[in-house]
Amino acid sequence: MATKYVEKKGKFFVPTKAAKEESLAPQDIYKRAKADRVKLWGELARDGLSWAKPWSKTYEQTSNGFGWFVGGKLNLCYNAVDRHLNNPDQTAIIFVPEDVNEKPQYISYFELYKQVNQAAALLKEKGVKKGDVVAIYLPMIPEALIFMLACARIGAIHSVVFSAFSADALKTRIEDGGAKVLVTANYYSRKGKKVELEKDADKAITGMQVTKIVVDRAKSGKMFEGKADVIVKPEVMESEDIALLLYTSGTTGKPKGVMHAVGGYTVQAYYTSRFVFNLKPGEVMWCTADIGWITGHTYACYGPLLNGATTVIFEGLPNHPTPDRFMQIIEQQKVNVFYTAPTALRMFALEGSDYAKKYKMESLKILGSVGEPIDEKTWMWFFDNIGKGRCPVIDTYWQTETGSAVIMSLPGHGPFIPTYAAVTFPGIEFDVFDEKGKKVPNGKEGILMEKPPYSPALIRGVWKNEERYKKYFVGKLYNAEDNAIMDKNGRFRILGRADDVIKVAGHRLSTAEIEDAIDGLKGVVEAVIVGKNDALRGVVPVAFVKTKGDITEEQVVGKVIERIGPIAKPAEVYFVEDIPKTRSGKMMRRVLRALLHGEDAGNIMTLINPECVNKIKAQVEAKHPELKNVKPVDSKAAPVGKKEDKKK
Ligand code: WTA
């Protein structure tokens, strides 16, 4: 009988004795954090990782920033790979190709070490030096991790770009980051077809001085086979040197390059993987996130490897060729920790409930959710059908900016409560505030912010944009821009973004970026993107476009695909006469959002063009007759109390 890690106690789920016994997070960890959290991080960092030189100051806060393990020296790749060479045959990476007929590959730590050294030598040969930016535009194949680790080894800064982003999106990120080398692949497999990634890569770098390294997908996992062994010494890095750059979406049309520091990122990636997922040599983790997102960075690559565990890298989609593909992989690869996004779970719940009955998945110990709020129904489906009521569902809250998970229940501590992301990781302190940084009473909605001393992996800067970095802080608080409620026990419920960022199928997108893409079409006067709730994808973008001239829906959608990628394409496009605006010219997204959801649009008296609202309402209802019951918008209705949109 498979071990039971969770049991019901009153309204909650709590860890069993077995879960407590297996827990790598000591039972007194919260107590130690409460006593002195800087001291705790210092002890953890010292005990858990290999440092080339000890630090002189565990935490330092200055007028223009902060630092962790200041003066200390280490190498991220050394910690993730070299130090496990005493266990050389341990599997580091399990690569599962999309094609069921192509055999999975098992790459040991020793093999990984050899390949990372080869990749590091290749990067050096192409002229990459410490501090240089390397763009990585690769699918989910072992080389994605190998080249990331190779960058870390030589002190280069990798900027991984999601392989489903378009050539335009890649170009913007290469230009901003100033990468001189781009690593890509000739193709990858998607639903049985070859996606020719290199073509997009070529398009992106046309006219630029960028050296290209191409991985032949047919040889992935064996790219360097037959080459004479080389050893590249790991570069000794300062703790506060920049480890990596990852572009993410914000409120403006331009993605921002989030910078992470070597020491803090390594320590937090290591400890969250150890304490949240109980990772150690022999444990198999499958984080389904693509390497192009922070979740893939931290929990498909660095976190498991820093702990000497095994990471599953899957090239395909979890429901191809059949909806039980991911359950097959869990069974075949004996996955212990399965970490995914609510979107995927909603899809599985829809298609795969019957399949789930066929699979025992007895290797599973911990289930994790990330990327968007998980509703109770999806949480329970995950718990019952995948975990078979044995495994905790750990809802982890975090962001590209926090580098690693920051709010969750630990598997040996609990409790696990549907719709609660629960408590901050020991050593980290978030709370709920108003926009000005005044604490909001417990139980009331506000904005999630972090109090200093900031978490070790927190963003250190926005690439070439100091001003944008400063905007993250409200006084001394780091503003996460998520709405949240904290209850009297310090447990958080995350309600969704407080800004114009939307999470579409767990992918972070900026409404402004999509708007800019559409604005680029000749004949478009202006466009607004609003997030609409969706049963499967959480939120989908909907476009309201004002034009002069004939523009088709295909053109609008096509432009978004060209500029960003298919993930950002609007689910619906409305061509409108006018876009509701205030007298000061601000677009009223909340009015459009209300119309899309069949809700009362509230007070529109402050609009300069209230007459357009009922026209848009009629257009929305023509597409969605089910929304018709709502009364017409009354311009004298009471204000809804939400502030106007920030843009324009
Ligand atoms: C959202 C992904 C609710 C949130 C790691 C955050 C969540 C944004 C959760 C960051 C969760 C992430 N519950 N919402 N457990 N986890 N989010 O940068 O809005 O791609 O700000 O990082 O995802 O998205 P990002």
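The table that follows gives values for the structure above.
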{"read-out": "Selection status of TYR478, within 13 Å of the ligand (Cβ to nearest atom), modelled with pLDDT of 95 or more, over 25 Å from LYS377 (Cβ atoms) and over 18 Å from the mean Cα position of the chain (by Cα)", "value": "yes"}
{"read-out": "Residues satisfying the stated conditions in segment 402-427, i.e. among the aliphatic types (A, V, I, L, M), open to solvent by less than 10 Å² (accessible area, probe 1.4 Å) and away from the ligand (no atom under 12 Å from the Cβ)", "value": "LEU410"}
{"read-out": "Filter result for the condition that a residue is open to solvent by less than 10 Å² (accessible area, probe 1.4 Å), under 24 Å from the mean Cα position of the chain (by Cα) and small (Gly, Ala, Ser), over ALA349, ALA341, ALA356, ALA309", "value": "ALA309"}
{"read-out": "Some residue of segment 210-218 being in a loop (DSSP other than H, G, I, E, B), modelled with pLDDT of 95 or more, open to solvent by 40 Å² or more (accessible area, probe 1.4 Å) and closer than 21 Å to ILE146 by Cα", "value": "yes"}
{"read-out": "Residue within segment 28-49 that is open to solvent by 20 Å² or more (accessible area, probe 1.4 Å), over 23 Å from MET408 (Cβ atoms) and not aliphatic (A, V, I, L, M) present", "value": "yes"}
{"read-out": "Within segment 384-398, considering residues that are open to solvent by less than 10 Å² (accessible area, probe 1.4 Å) and not aliphatic (A, V, I, L, M), the one nearest to the ligand (Cβ to nearest atom)", "value": "THR396"}
{"read-out": "Hits in segment 251-296 (condition: more than 18 Å from the chain's Cα centre (by Cα), of a type in the set (Gly, Ala, Ser) and open to solvent by 10 Å² or more (accessible area, probe 1.4 Å))", "value": "GLY253, GLY282"}
{"read-out": "Selected residue (criterion: modelled with the lowest pLDDT) from residues of segment 367-377 that are open to solvent by less than 10 Å² (accessible area, probe 1.4 Å) and within 12 Å of the ligand (Cβ to nearest atom)", "value": "ILE374"}
{"read-out": "Out of LYS171, LYS130, sole residue that is surrounded by fewer than 24 Cβ atoms within 10 Å (Cβ to Cβ), over 26 Å from ASP516 (Cα atoms), of a type outside the set (Phe, Trp, Tyr) and modelled with pLDDT of 95 or more", "value": "LYS130"}
{"read-out": "Flag if THR322 is within 12 Å of the ligand (Cβ to nearest atom) and either assigned to a loop (DSSP other than H, G, I, E, B) or not aromatic (Phe, Trp, Tyr) (or both)", "value": "no"}
{"read-out": "Test for TYR299: is it open to solvent by 10 Å² or more (accessible area, probe 1.4 Å) and in a helix (DSSP H, G or I)", "value": "no"}
{"read-out": "Residue check, VAL557 at negative phi, at pLDDT 95 or above and open to solvent by less than 20 Å² (accessible area, probe 1.4 Å)", "value": "no"}
{"read-out": "Index of the failed condition, GLU98 passing every other in (1) open to solvent by 20 Å² or more (accessible area, probe 1.4 Å); (2) in a loop (DSSP other than H, G, I, E, B); (3) touching a strand residue (DSSP E or B) at 6+ places or on another chain (Cβ under 7 Å)", "value": "(1)"}
{"read-out": "Test: residue in segment 275-286 that is among the charged types (D, E, K, R) and within 30 Å of ALA52 (Cβ to Cβ)", "value": "yes"}
{"read-out": "Helices (runs of 4 or more DSSP H) enclosed by segment 130-207 - at least 3 residues per element that are farther than 24 Å from LEU509 by Cβ and not acidic (Asp, Glu)", "value": "142-154"}
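The values are calculated or read from the model by the stated rules, or taken from the named source; none is laboratory data. Predicted, not measured: the structure shown is a model, and the values here were computed from it. Virtual Cβ from ideal backbone geometry, glycine too; neighbours counted across all protein chains shown. For accessibility, only protein heavy atoms count, side chains too; no ligands or nucleic acids. Shrake-Rupley method; radii C 1.70, N 1.55, O 1.52, S 1.80 Å.
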